[in-house]
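The values are calculated or read from the model by the stated rules, or taken from the named source; none is laboratory data. In this text, all values refer to a predicted model and were calculated from it rather than measured experimentally. In this analysis, Cβ positions are derived from the backbone assuming ideal geometry, glycine residues included, and neighbour counts consider all displayed protein chains. Note: areas computed on protein heavy atoms with side chains; ligands, DNA, RNA excluded. Shrake-Rupley method; radii C 1.70, N 1.55, O 1.52, S 1.80 Å.
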Amino acid sequence: MHEASIALGILDIIVDKCHAEGYRSIESVTLKIGRAAGIMPEALLFTFDVAKSDTPARDAKLVIDLVPLGGLCGRCERDFEVEDTHVLNCPWCGSPTFQIQKGYEMEIVDMEVH
Ligand SMILES: [Zn+2]
């Protein structure tokens, strides 16, 4: 399950940052995850909660901000967003020619520390 390695990667980053900046504990961390990023939020929350014990993030709450998959159609030139993990055609005109603009991100956007 690759959510486990993602959770460990996130912990590494936030614990390093916490130490580097002289804080003692992490209250919460907010992630932005695209729907098409191939990450299951429930699995990530679960593995994060298991992995955080014995770290300064032991009481940290993981907040996941899900980003819809979105793009720009090459034919009708309209923006679109879908609540799905993949898109094959523009939902407006059905064209298979489009540019994906969001939905694949995985980034730490915020962190609260003590
Ligand atoms: Zn279109």
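A few notes on this one:
- GNM top mover of 97, 85, 47 - the chain, alpha-carbon springs below 10 Å: 97
- Given charges at Cβ of Lys, Arg, Asp, Glu: the range 1-112 dipole, positive-most of 14, 38, 92: 92
- Applying both filters, DSSP loop and at most 13 other Cβ atoms within 10 Å, to the GluC sites (Glu not before Pro) of the range 1-100 gives 21, 77, 83.
- Computed on the range 40-103, with alpha-carbon pairs under 8 angstrom and 6+ residues apart, the relative contact order is 29 percent.
- Surface share of carbon and sulfur [accessible, 1.4 angstrom probe, percent] for the range 2-113: 50 percent
- Loop sites in the range 18-103: trypsin sites (Lys or Arg not before Pro), DSSP, at most 16 other Cβ within 10 Å: 24, 58, 75, 78
- Estimated from helices alone, the mean residue ellipticity of the chain at 222 nm is -8500 deg cm²/dmol (sum of -39500 (n - 2.57) over DSSP H runs with n ≥ 4, per residue).
- Bins of 10 Å from zero: percent of alpha-carbon pairs in the chain: 15, 38, 23, 16, 8, 1
- Remark: the range 2-113 carries 59 Å² of accessible area per residue (probe radius 1.4 Å; ligands, DNA and RNA excluded).
- A cut-off of 5 Å between modelled amide H atoms, ignoring neighbours fewer than 5 places along the same chain, links residue 74 with 97, 98, 99.
- A cysteine counts as unpartnered when no other cysteine's C-beta lies under 4.7 Å of its own; in the chain this applies to 18.
- Anchor residue 52: lysines whose Cα lies under 18 Å away (excluding residues fewer than 8 positions away in-chain): 17, 61
- Here the relative contact order of the chain, from alpha carbon pairs under 8 Å that lie six or more residues apart, stands at 35 percent.
- Relative to the longest principal axis of the Cα atoms of the chain, the long axis of helix 2-20 makes an angle of roughly 50 degrees.
- Relative to the dominant Cα principal axis of the chain, helix 41-51 is inclined by about 20°.
- What the phi angles of the range 78-87 give under the Karplus curve with 6.51, -1.76 and 1.60, with θ = phi - 60°, is a coupling list of 9, 6, 9, 9, 10, 8, 9, 8, 8, 9 Hz, glycine and proline written as x.
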